[in-house]
1. Evaluated at 25 °C with a viscosity of 0.890 mPa s, what Stokes-Einstein diffusion coefficient in µm²/s does the chain have when Rh comes from the Kirkwood expression over alpha-carbon pairs?
2. Hey, with R₀ at 41 Å, roughly what FRET efficiency would Thr554 and Arg59 work out to, going by the Cβ-Cβ distance, to 0.05?
3. If each of Asn368 and Lys493 carries a label point 7 Å out from its Cα toward its Cβ, how far apart are those two points in nm?
4. Once the convex hull of the C-alpha atoms of region 185-227 is built, how many Å³ does it hold per residue, rounded to a whole number?
5. With a ≥ b ≥ c taken as the square roots of the eigenvalues of the C-alpha gyration tensor of region 543-595, please select rounded if a/c is under 1.5 and otherwise prolate if a/b is larger than b/c or oblate if it is not?
6. How big is the Kirkwood radius of region 507-563, worked out from every pair of different alpha carbons and given in Å to one decimal?
7. Contour minus end-to-end for Ala410 and Leu335, with contour as 0.36 nm per residue of separation and end-to-end as the Cα-Cα distance?
8. Using only Cα atoms, tell me the angle between helix 19-28 and the longest principal axis of the chain; keep it within 0 to 90° and round to the nearest 10.
Amino acid sequence: MDTKKTPKKPEILSPAGNQESFLAALAAGADAVYCGLKHFNARMAAENFTIEQLARLTRLAHEHDKRVYVALNTLIKPDELADAGKIVDQLSRHVRPDALIIQDPAMVAIAGQAGFKGELHLSTLANVTFPAALDVVRALPSVSRVVLPREFSIDEIKAAAENCPDELSLEVFVHGALCYGVSGRCYWSSFLGGKSGLRGRCVQPCRRIYSQGKNRSRFFSCQDLWLDVLTKLLLEVSAVSGLKIEGRKKGPHYVYYTTAAYKMLRDHPGDSAARKTALSFLDQALGRKPTHYRFLPQRPWNPVDTDTQTGSGKLIGKVQGPKTKPYMDPRDALLPGDLLRIGYEDQSWHRTVRIARHVPKKGRFYLNLTEKERPANDTPVFLIDRREPELTAEIKPFADRLETLPEKGASPSRFQIRLPAKTLHRHPVVEMQVKRDLPEEMPASANTGIWLSPEMKPGKLPLTNRIWWWLPPVVWPDAEAGLRAAVGAAVDKGFKQFVLNSPWQMALFPPKKGLRIWAGPFCNIANELAMETLASMGFSGVIVSPELGKNDYTHLPARAPLPLGIVIYGNWPLCISRVKAESMIEQSLFKSPRGEHAWVARMDDNYWVFPDWAVDLTGHGQTLENLGYRVFVHMHEPLPAGVHLKKRPGKWNWDHGLK
């Protein structure tokens, strides 16, 4: 047991994507509710709130001694800093939430400038993945909580807790949807269609059916995380201050039952009757099939089970009957107001149907679809939301009180953002080739980037200022000591140039002057205020986010407080994951429904998914150099046998911009 701090019950933190879900969370006894506005939050597909709506709901929550956290956890583009500042200003004056959930380092500066008085919580998208990282996070003003990755085991959570400074606490996901990619390290939706997960616009390409040879399956679609009775293990870790339920796109039914269940599991961990009731509530919550994922290190559970359906909602039946009159026989009774989805979310033709009358279990329900809309027999039908009278009655007192609270208009913000002053940089123009392996011979003049891993012996290379050591985008707790040793060996040898792919990797470096440490492209830096924060942490330069578009790249150098680099060419991953479907063959191409090809490769402790075409902005190299970019990165990955990169434009979001 962690005895470092006085044990205290962690709060139950519930999601709300609309007003009904917010009220359901309060009715179920949530200690805190997290939600988002219609801008700058990582669940843009949810209904979300206006400032005026959220002000009333927050007042209601505070009347019941409940906390409200607002997610402003997206990557912020350079032309959005002023708007982000105005929103924080309006939140401060009209809503007064207890905390902001943030990803972008710029939000630390924006919150300070806007005079926000609440806490800052670092989102799981910020990718704090190893214990020593918390020492660096502690230095960020007003940050008081870190949301840990869903991939952590209980042992890894305890290791983070042991290293958690007194000024910080930890938040852990206990229930809800799992992403295949590590949070903050998935570019799949952005790469294939410009809708970025780091901007809350992911279209979930991982949920689709892919083919590899004769095998067609949902190779990347995860089941839902359910810690259920295992939650009691978290009660022993006093640094854990929040138990988080995922689901801001879910309805009030899901929010109510998951919140009530985890409140029971937290408050009565040894009560078998409470445990039974809680599990029955979770069974009613209309999620996907459950998995404990990696929570128990002795019994890790692969969340990708290609033999299990992973559509959201409860499988309630299948389409049957003649072409002109399709029907289903529901496995459970249907209630008036229930919402059904016919087919999977990723199928463009899927339909939703609202139930108007009671349908008994096994009672025939005709789907009332035209022949053109009619799906094939055996198409699954999911129950995705319901409005039972009991839940309506539980919510009603909160809804009635809300109606008595006046909705006041939010006055326009006069907040003016303060941007960093332009700094003159005398950095030479550098072309850098980034590779996996130690070169047998160093090229005479080329700059070489080498991925550093715990197993690597950097001391074997001759000392030269043309080597840049690249740290991996994800460092799990088990790799921390080995990577720290590799970094130390490189520094002791006299190497001075390093590229970090998470700001928190500063924790792996000994205090030594003269190092030139750059923020790598996986740091997802897209604006000058974020760069200013990195400069205060000791960074010497920034390789900007590769997701940006032409306008963003054009505006960044004008006020950049650090020298800038850019990924000009190379193999960029669709995502990085800690797991792989057992049936997915590594180093072998698979194909998407739209004909795109990619492969999976194991790199250290992670699986990287690479498309078979490269990012290629080389045609704009001179323009970028004229704008002020100084480091041009070419990323090279070993290709599987028989695989050749396709000739495609490879401009990513250059032309249409980052959505």
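The values are calculated or read from the model by the stated rules, or taken from the named source; none is laboratory data. Note that the coordinates shown come from a computational prediction; the quantities given were computed from them, not determined experimentally. We place every Cβ from the backbone using ideal geometry, glycine too, and count neighbours over all the protein chains shown. What goes into the accessible areas is simple: the full protein's heavy atoms, side chains included, and nothing from ligands, DNA or RNA. Shrake-Rupley method; radii C 1.70, N 1.55, O 1.52, S 1.80 Å.
1. D = 94 µm²/s.
2. FRET efficiency, Thr554 to Arg59: 0.40.
3. For Asn368 paired with Lys493, the spin-label model returns 7.1 nm.
4. Working: hull volume 4.4 nm³, N = 43.
Cα convex hull per residue, to the nearest whole number: 102 Å³.
5. On the way: a/c = 3.67, a/b = 2.57, b/c = 1.43.
Prolate shape, in that a/c is at least 1.5 and a/b is the bigger ratio.
6. Values: mean 1/r = 0.0836 Å⁻¹.
Result for region 507-563, one decimal place: 12.0 Å.
7. Values: separation 75, 0.36 × 75 = 27.00 nm, distance 3.93 nm.
Answer, rounded to one decimal: 23.1 nm.
8. The two axes meet at around 80 degrees.
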